[in-house]
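**Student:** Here you go, one structure.
What follows is calculated from the coordinates using simple rules that are stated; it is not laboratory data. Just so we're clear, the structure is a prediction, and the values are computed from it rather than from any experiment. Note that we place each Cβ from the backbone using ideal geometry, even for glycine, and neighbour counts take in every protein chain shown.
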Amino acid sequence: MLEILAIIIIVFGINIPLFWMPIHIYPQFFRKIGIFTYLMPLITFSLIFMMVFNYRSHILMYTISFSPLLNFIGLILLMLGIILHVWTAKLLSLWGLIGVPEILPKKNIKLITSGPFLVIRHPTYLAHSLIFIGAFLLTEFVALGILSILDFLMVNAFVIPFEEKELLRRFGYLYEEYKNKVRWRILPGLL
């Protein structure tokens with residue numbers, strides 16, 4: 001059961017930045033191809049799933065033995081991440097969550113500033129980090145620990161800056177005002 005959870009999280013953990021980074025780096029290209037943009041995650045998801053599944057014994061070979069307390073903390077973090085992700089998904093709607101405004105600019109979505117968006121500007125990425133770290137502590141697979149670190153670094157170094165540039169382009173002064181009001185990007189008090 002823990003192996004299945006690890007495989008699912010690794011596949012999604014790799015696919016999320018592979019989808020968002022190109023969209024934020026080359027938004028004009030993806031606006032031109034429109035709905036065909038969604039072929040990219042379908043193809044990468046399929047390929048990554050096959051690779052991770054076929055090489056799972058190598059990917060999940062290394063483990064770290066944690067205490068039952070850390071395993072329990074991992075379960076709590078995993079559940080909190082899932083709850084936060086569901087909450088932000090509900091606020092963003094399916095269209096906002098899967099990037100429709102970035103790809104199809106005619107789809108108009110308002111700036112969300114309620115719920116967890118009152119405290120941090122990117123709670124969905126915090127949810128991902130909680131899920132990855134929680135799964136690592138729960139399953140004890142080193143690959144999930146590495147994925148947690150890499151995802152956190154990539155999201156903060158690349159995805160969020162590009163996304164904020166896109167949000168500023170789309171919402172203008174409204175987003176600038178929101179950034180001034182909500183200082184923290186992903187971690188209250190730190191980032």
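**Student:** Can you tell me which aspartates and glutamates have their Cα less than 15 Å from the Cα of residue 32? Leave out same-chain residues fewer than eight positions away.
**Tutor:** 102
**Student:** Quickly work out the residue 98-to-residue 26 label distance, labels modelled 7 Å from Cα along the C-beta direction, and quote it in nm with one decimal.
**Tutor:** Between residue 26 and residue 98, the label points sit 2.2 nm apart.
**Student:** Cα gyration tensor of the chain, axes a ≥ b ≥ c as square roots of the eigenvalues: rounded (a/c below 1.5), prolate (a/b > b/c) or oblate?
**Tutor:** Oblate shape, in that a/c is at least 1.5 and b/c is the bigger or equal ratio.
**Student:** Next question, about the same structure. Which whole-Hz ³J(HN,Hα) couplings does segment 183-191 yield from phi under the Karplus relation 6.51 cos²θ - 1.76 cosθ + 1.60, θ = phi - 60°, glycine and proline marked x?
**Tutor:** Values per residue, Gly and Pro as x: 6, 8, 6, 9, 10, x, x, 10, 10 Hz.
**Student:** Can you work out D for segment 1-80 in µm² s⁻¹ from Stokes-Einstein, where Rh is the Kirkwood radius over C-alpha pairs, the temperature is 10 °C and the viscosity is 1.306 mPa s?
**Tutor:** Estimated via Stokes-Einstein, D reaches 106 µm²/s.
**Student:** For the chain, which DSSP H helices look membrane-span-like by this rule: Cα extent along the axis of 24 Å or more and mean Kyte-Doolittle of at least 1.6?
**Tutor:** Helices meeting the span and hydropathy rule in the chain are 2-25, 68-97.
**Student:** First measure r as the distance between the Cβ atoms of residue 83 and residue 63, then evaluate 1/(1 + (r/R0)^6) with R0 = 30 Å and state the FRET efficiency to the nearest 0.05.
**Tutor:** That pair, residue 83 with residue 63, gives E of 0.65.
**Student:** Say the dipole of the chain comes from +1 at the beta carbon of Lys and Arg and -1 at that of Asp and Glu; which of 154, 57, 118 then lies farthest toward its positive end?
**Tutor:** Working it through, the farthest residue towards the positive pole turns out to be 118.
**Student:** Let me ask you something else. Setting aside same-chain residues fewer than 8 positions from residue 90, which aspartates and glutamates have a Cα under 15 Å from its Cα?
**Tutor:** none
**Student:** Rank-order 76-87, 136-147, 37-48 by packing density, defined as the average count of other C-beta atoms within 10 Å over each peptide's residues, highest first.
**Tutor:** 136-147, 76-87, 37-48
**Student:** May I pose another question? Between residue 173 and residue 54, what FRET efficiency comes out of the Förster formula 1/(1 + (r/R0)^6) with R0 = 41 Å and r the beta carbon distance, rounded to 0.05?
**Tutor:** 0.25
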